[in-house]
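Since the structure comes first, as structure tokens, the remarks are kept for the end.
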Amino acid sequence: MEAGGTQTIVRSRTKSFRDLYVAPVTANTADLYEAGTPVKLARAISGKVSDKFTSEKIYSDDGVEEVVEYYEGTDVEFEVNSLAPQDKQQLFGHLYENGYLVKNKDDKAPEVAIGYRAKKLNGKYEFVWLYCGTFGQGYEGNYATQADKVETQTASLKGAFYERAIDGNYQIEVDESNLLETHADAKSAITNWFAEVQEKPEAAA
């Protein structure tokens, strides 16, 4: 805290990306949001998360009365070391049975929540959960012949995430760098961030 009780805001660049978790969304209605137990997906290499907004100007009296912004969704793209057939079943809705992974044109990617954390230069982490979306935008596996110098390949997946129906929230995050002594709930949450899809506790009456 700065003199006078003003909070010191910490802005530190990220230097790592790790611990990619996925959880099935079991309910997403106007009355209920529920997600299953998260599982670690794959070893994370890189990630890109892009919130998309559009704005519309409302005119009156020959001028701009108001600018209305709309949240369109969040595009995600992750590069990982590899996806197992069980991962592909969970993310893309393919059939995995008796050791066979079968892809069908009518497969539908199920709704999931995705979580991860990113380390900052100051050693603290940014913890994130995206509440609901699908990876129906595709999967890309790379292959190359083996030459004198072995070069390993990676996999990438793209998804479209969006607000949940119950309250319009689409993401929750905690920046460890800016936690205060009074932020007890957030401090507790990041000690086991991936045990469940996190929720902000309701304020005490």
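The values are calculated or read from the model by the stated rules, or taken from the named source; none is laboratory data. Here the structure is a predicted model, which means the values were calculated and not measured. Glycine also receives a Cβ, built like all others from the backbone with ideal geometry; neighbour counts cover every protein chain displayed.
Observations, loosely collected:
- One residue from LEU121, LEU130 being modelled with pLDDT under 95 and not β-branched (Val, Ile, Thr): LEU121
To keep it simple, each residue is scored yes or no on (1) free of Cβ contacts under 8 Å to residues at least 12 places away in the same chain; (2) under 17 Å from GLU173 (Cβ atoms); (3) touching a helix residue (DSSP H, G or I) at 6+ places or on another chain (Cβ under 7 Å); (4) surrounded by 16 or more Cβ atoms within 10 Å (Cβ to Cβ).
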position	(1), (2), (3), (4)
LEU83	no, no, no, yes
ASP87	no, no, no, yes
GLN90	no, no, no, yes
GLY93	no, no, no, yes
ASN104	yes, no, no, no
ALA109	no, no, yes, yes
TYR116	no, yes, no, yes
ASN122	no, yes, yes, no
TYR125	no, yes, yes, yes
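- Test for GLU140: is it acidic (Asp, Glu), part of a strand (DSSP E or B) and over 23 Å from ILE172 (Cα atoms): yes
- Of the strands (runs of 3 or more DSSP E) lying entirely inside the range 47-123, those carrying at least 1 residues that are closer than 21 Å to THR154 by Cα are 63-80, 100-102, 112-119.
- For the range 29-42, the criterion of being surrounded by 13 or more Cβ atoms within 10 Å (Cβ to Cβ) and at pLDDT below 90 is met by at least one residue.
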